[in-house]
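Each remark here refers to the structure printed beneath this line.
The values are calculated or read from the model by the stated rules, or taken from the named source; none is laboratory data. The structure presented is a predicted model; accordingly, all values stated were derived computationally and were not measured.
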Amino acid sequence: MPKKREEAGNTAIDYLNRDIVNVKLELQTLNKLVRDGNGQPSLMERVTTLSSDFTHMQSEVKREIESMKEMMCQHHKDTMDKNKMNWQFKTAIWVALIGSISSLIMHFYK
């Protein structure tokens with residue numbers, strides 16, 4: 001009986017050794033896939049590319065936001081200038097109208 005136990009123990013150890021070798025091979029394959037790729041860019045290259053693209057897009061968005069802020073400020077300034085000129089024009093017309101009416105009134109009362 002002790003021999004059968006010993007053989008069973010050796011068989012279990014053999015199975016474990018084979019499993020360890022298989023796991024090691026799978027980890028080596030996975031490591032190569034992550035590091036070198038499988039005919040396509042590796043995962044590390046892809047992450048680096050995505051990170052670079054994200055940084056580029058982030059700076060583009062910031063530039064666009066700044067550009068939009070400048071455009072909004074310029075539009076607000078233009079609107080204010082237009083309103084100011086509109087009021088100046090209206091005031092000038094009223095002054096001219098009042099001056100003309102008072103001139104006519106003065107002319108008829110003389």
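Quick look at the values:
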| item | result |
| --- | --- |
| Any hit, the range 38-54, residues being of a type in the set (Ser, Thr, Tyr) and not in a helix (DSSP H, G or I) | yes |
| Failed criterion for residue 56 (all others in (1) under 27 Å from the mean Cα position of the chain (by Cα); (2) of a type outside the set (Phe, Trp, Tyr); (3) modelled with pLDDT under 85 hold) | (3) |
